[in-house]
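What follows is a single structure, written as structure tokens, with notes after it.
The values are calculated or read from the model by the stated rules, or taken from the named source; none is laboratory data. The structure displayed is predicted, hence computed values, not measured ones. Here the Cβ positions follow ideal geometry from the backbone for every residue, glycine too, while neighbour counts run over all protein chains shown.
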Amino acid sequence: MDTSGIVLEAVRKVYPDGTVAVDSLDLEARAGEVLALVGPSGCGKSTTLRMINRLVEPSSGRILVGGTDVMGQDPVELRRGIGYVIQHVGLFPHRTVAQNVATVPGLLRWDKARTADRVAELLDLVGLPADTYGPRYPHELSGGERQRVGVARALAARPPVMLMDEPFGAVDPQGRRRLQREFQALQRELGLTVVMVTHDMREAVLLADRIAVLSRGGVLEQLGTPEEVTGSPANEFVADFLADFGEAPAA
């Protein structure tokens, strides 16, 4: 997998009951950028995200990650090469912080020394010194600390691509803003390609290089920089969606 980004070509997801979650979506996340998916509930944001790592299988179309069609890859191997962060983190409660971060290296059969070095490096990177936090268990952490561990775990195997589904939604507002700023610095330092689902337009404006506004059925209504989307809505749907948040902050 190289770092040439993520491309969706005419991607469609239809469920067995006939529900069209995403209909013929063309979209690209460029290498090294943060692309935010926004839109009302039921517009296919999370479905689109999960089709990239095949947690949801597309009905048709093509998805390329690093220039490679995901449907030609083993889904387990595919997921091990893509970082994935969700709202409620999903840490293993009976494993220490260090053991949680070491999950993917363990699956990849890294040796103990390499794994320990990587765990320490990542915990320091997200502001949780390994000597202090490594032996702790998830229930001993705050919500923001657990979210940091989730980010560290997602970065463990040095994935060039990261998928984030409401990554900071479970954190209190003050902690959320701090985590957003820290993640922004981390993403720039590592050059990650990130596709992020958020219900919060302000978060999208703060973190994203470009924003994709979706309507029901995964229809792409507008794709542009935060300034373009907030300053020049493409149509009435986008204008109404933005109005729900009041005046979005400047990027």
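General observations
- Reported count of residues in segment 57-70, each being exposed (fewer than 14 other Cβ atoms within 10 Å of the Cβ) and assigned to a loop (DSSP other than H, G, I, E, B), is 2.
- A count restricted to segment 169-184 and to residues that are of a type in the set (A, V, I, L, M, F, W, C) and touching a residue at least 40 places away in the same chain (Cβ under 8 Å) stands at 1.
- Residues satisfying the stated conditions in segment 227-241, i.e. within 24 Å of Ser24 (Cα to Cα) and either in a helix (DSSP H, G or I) or modelled with pLDDT under 95 (or both): Glu228, Val229, Glu236, Phe237, Val238, Ala239, Asp240, Phe241
- Close Cβ contacts (under 6 Å, 6 or more residues apart or on different chains) running from residues in segment 58-86 that are over 29 Å from Phe168 (Cα atoms) to residues that are among the basic types (Lys, Arg) comprise Ser59/Arg12; Ser59/Lys13; Ser60/Arg12; Gly61/Arg12; Asp69/Arg62.
- Taking each residue of segment 217-246 that is more than 27 Å from Val7 (Cβ to Cβ) and looking for partners that are of a type in the set (S, T, N, Q) and part of a loop (DSSP other than H, G, I, E, B) with beta-carbon atoms closer than 8 Å, six or more apart or interchain, yields nothing.
- Within the set Val101, Val151, the sole residue that is at pLDDT below 90, surrounded by 20 or more Cβ atoms within 10 Å (Cβ to Cβ) and of a type in the set (A, V, I, L, M) turns out to be Val151.
- Count of segment 71-103 residues which are touching a helix residue (DSSP H, G or I) at 6+ places or on another chain (Cβ under 7 Å), outside any loop (DSSP other than H, G, I, E, B), of a type outside the set (Gly, Ala, Ser) and closer than 19 Å to Arg136 by Cα: 4
- Whichever residue in segment 147-190 is more than 14 Å from the chain's Cα centre (by Cα) and not in a helix (DSSP H, G or I) and, among such residues, is nearest to Asn100 (Cα to Cα): Ala156
- Filter pass, Leu125 being without any contact (Cβ under 8 Å) to a residue 40 or more places away in the chain and either farther than 26 Å from Asp172 by Cα or of a type in the set (A, V, I, L, M) (or both): no
- Among the residues making up segment 31-54, those that are surrounded by 16 or more Cβ atoms within 10 Å (Cβ to Cβ), part of a loop (DSSP other than H, G, I, E, B) and touching a helix residue (DSSP H, G or I) at 6+ places or on another chain (Cβ under 8 Å) are Gly39, Asn53, Arg54.
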